[in-house]
1. How many residues are among the basic types (Lys, Arg) and surrounded by 11 or more Cβ atoms within 10 Å (Cβ to Cβ) if we restrict to the range 1-42?
2. Would you please list the contacts, defined by Cβ atoms under 7 Å and residues six or more apart or on different chains, that run from a residue in the range 50-68 that is in contact (Cβ under 8 Å) with a residue 12 or more places away in the chain to a residue that is in a strand (DSSP E or B)?
3. So, in the range 93-149, exactly how many residues are hydrophobic (A, V, I, L, M, F, W, C), at pLDDT below 95 and farther than 19 Å from Ser161 by Cα?
4. Do you know which residues across the range 78-88 are in contact with a helix residue (DSSP H, G or I) (Cβ under 8 Å, 6 or more places away or on another chain) and either surrounded by fewer than 21 Cβ atoms within 10 Å (Cβ to Cβ) or touching a residue at least 60 places away in the same chain (Cβ under 8 Å) (or both)?
5. Give me the residue from the range 43-77 that is of a type in the set (Gly, Ala, Ser) and on the phi > 0 side of the Ramachandran plot and, out of that set, surrounded by the most Cβ atoms within 10 Å (Cβ to Cβ).
6. Please go through the range 143-159 and give me each residue that is outside any loop (DSSP other than H, G, I, E, B), in contact (Cβ under 8 Å) with a residue 12 or more places away in the chain and out of contact with any helix residue (DSSP H, G or I) (no Cβ under 7 Å at 6 or more places or on another chain), ordered by number.
7. From the list Ile102, Ile162, pick out the single residue that is surrounded by fewer than 19 Cβ atoms within 10 Å (Cβ to Cβ) and without any contact (Cβ under 8 Å) to a residue 24 or more places away in the chain.
8. Considering Ser132, Ser74, which residue is out of contact with any helix residue (DSSP H, G or I) (no Cβ under 8 Å at 6 or more places or on another chain) and polar (S, T, N, Q)?
Amino acid sequence: ITEEWKRFQPEFFSDNKYINRGISGQTTPQMLIRFRPDVIDLKPTAVVILAGINDIAENTGPSTVKMIAGNIISMAELAESNGIKVIISSILPASGFSWSPIHDPPPKILAINTIIKNYAEKNGMTYLDYYSSMVDDQEGLKKEYGLDEVHPNKKGYEVMSILVEKAIAETLSLDHNKK
């Protein structure tokens with residue numbers, strides 16, 4: 001999801017001096033492995049973690065809700081323990097995957113979003129809710145925001161840009177280390 005954002009809105013990252021480390025198709029274990037060189041070693045003030053949809057699609061094999069949420073939480077804990085403010089993003093809505101036999105992602109998406117939202121709130125981190133602004137009445141990505149059932153289009157990334165800017169501003173203005 002994040003890698004394609006640069007294609008639709010390259011100026012969003014360059015103008016704001018944001019670094020986009022998204023790699024298309026990666027799952028949370030792959031992200032966790034590269035979290036130190038791609039995040040911690042860069043010493044950012046804050047990190048936005050958007051992960052999980054490729055795990056649900058089983059890009060690297062079956063994954064449980066507990067495992068996916070656990071990997072996202074591990075990235076958040078690594079960031080926080082290194083003095084990086086954390087913004088945990090909801091998984092975007094998706095009704096299916098053209099590349100995967102998995103045909104009912106909404107229950108897993110909702111379960112993971114609930115776990116990571118509760119974790120973020122309990123631990124004084126920001127929870128960025130893309131899901132609510134982008135979901136249709138069938139628990140999928142709104143057609144006007146998607147290239148397909150999973151990936152945002154330019155309009156979808158415009159919605160995401162507004163939401164992430166607000167979350168970053170709020171995160172940088174608050175002391176999230178107080179629990």
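The values are calculated or read from the model by the stated rules, or taken from the named source; none is laboratory data. This one's a predicted model, so the numbers in the text were calculated from it and none came from an experiment. When we count neighbours, we look across all protein chains shown, and the Cβ atoms used for this are built from the backbone with ideal geometry, even at glycine.
1. So the count comes out to 4.
2. From residues that are in contact (Cβ under 8 Å) with a residue 12 or more places away in the chain, the pairs are Leu50/Ser89.
3. Qualifying residue count, the range 93-149: 3.
4. Once the filter is applied, which keeps residues that are in contact with a helix residue (DSSP H, G or I) (Cβ under 8 Å, 6 or more places away or on another chain) and either surrounded by fewer than 21 Cβ atoms within 10 Å (Cβ to Cβ) or touching a residue at least 60 places away in the same chain (Cβ under 8 Å) (or both), the range 78-88 yields Leu78, Asn82, Ile84, Lys85, Val86, Ile87.
5. Filtering first and then ranking leaves Gly52.
6. Glu158 - this is the single residue of the range 143-159 that is outside any loop (DSSP other than H, G, I, E, B), in contact (Cβ under 8 Å) with a residue 12 or more places away in the chain and out of contact with any helix residue (DSSP H, G or I) (no Cβ under 7 Å at 6 or more places or on another chain).
7. Ile162
8. Details: Ser74 fails: out of contact with any helix residue (DSSP H, G or I) (no Cβ under 8 Å at 6 or more places or on another chain).
Answer to the selection: Ser132.
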